[in-house]
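The values are calculated or read from the model by the stated rules, or taken from the named source; none is laboratory data. All figures in this text were calculated on a predicted structure; none of them were measured in a lab. Positions of Cβ are backbone-derived with ideal geometry, glycine not excepted, and every protein chain shown enters the neighbour counts. Each accessible area value is taken on the protein alone, full model and side chains, heavy atoms only, with ligands, DNA and RNA left out. Shrake-Rupley method; radii C 1.70, N 1.55, O 1.52, S 1.80 Å.
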Amino acid sequence: MFKDFGRRLQRDLKKIVDARVLANNARTGGEITSQPVEVNVVSHPVQKFAVWFGGSVLSSTPEFFASCRTKEEYEECGASICRTNPVFKGMY
């Protein structure tokens, strides 16, 4: 992750949330007032390795090897060979 990413993300989200609360209060003319919303971003030191952990889990599945392509297959078919993903087929 990036240095102080959690703190910066929380600060930026808090600004957006506060602006939306103020805009909502102005839109209702003060008849309905929104309560302040607490913004809390949780980050963990191991979070920077999460993508690697996920890739490790994915690569340990038998479906992963069905989606692997060789350089020869890529050169024969071109980039279109990468547009389908057998691993995630049916998940969306």
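Normalising the average separation of contacting C-alpha pairs (under 8 angstrom, six or more residues apart) by the number of residues puts the relative contact order of the chain at 23 percent. The share of accessible area on the chain that comes from carbon and sulfur is 61 percent, using a 1.4 angstrom probe.
Placing +1 on each Lys and Arg Cβ and -1 on each Asp and Glu Cβ, with no other charges, gives the chain a dipole about its Cα centre of roughly 440 debye.
Can you count the Lys pairs in the range 9-92 with C-alpha separation below 28 Å, eight or more apart or on different chains? So the count works out to 4.
Accessible area per residue for the chain is 87 Å², calculated with a 1.4 Å probe on protein heavy atoms, without ligands, DNA or RNA. Equivalent ellipsoid of the range 11-58: semi-axes from √(5λ) of the C-alpha gyration tensor, largest first, are 38, 10, 8 Å. For the range 36-78, the extents of the C-alpha atoms along the principal axes are 57, 23, 16 Å, listed from largest to smallest. Which whole number in µm²/s is D for the chain by Stokes-Einstein, with the Kirkwood Rh taken over Cα pairs at 37 °C and 0.692 mPa s? Estimated via Stokes-Einstein, D reaches 182 µm²/s. Counting only DSSP H runs of at least 4 residues, each contributing -39500 (n - 2.57), and dividing by the residue count of the chain, the helix-based mean residue ellipticity at 222 nm comes to -15500 deg cm²/dmol.
Distance between the pseudo-spin-label points of Val41 and Arg7 (7 Å out from Cα toward the beta carbon): 1.2 nm.
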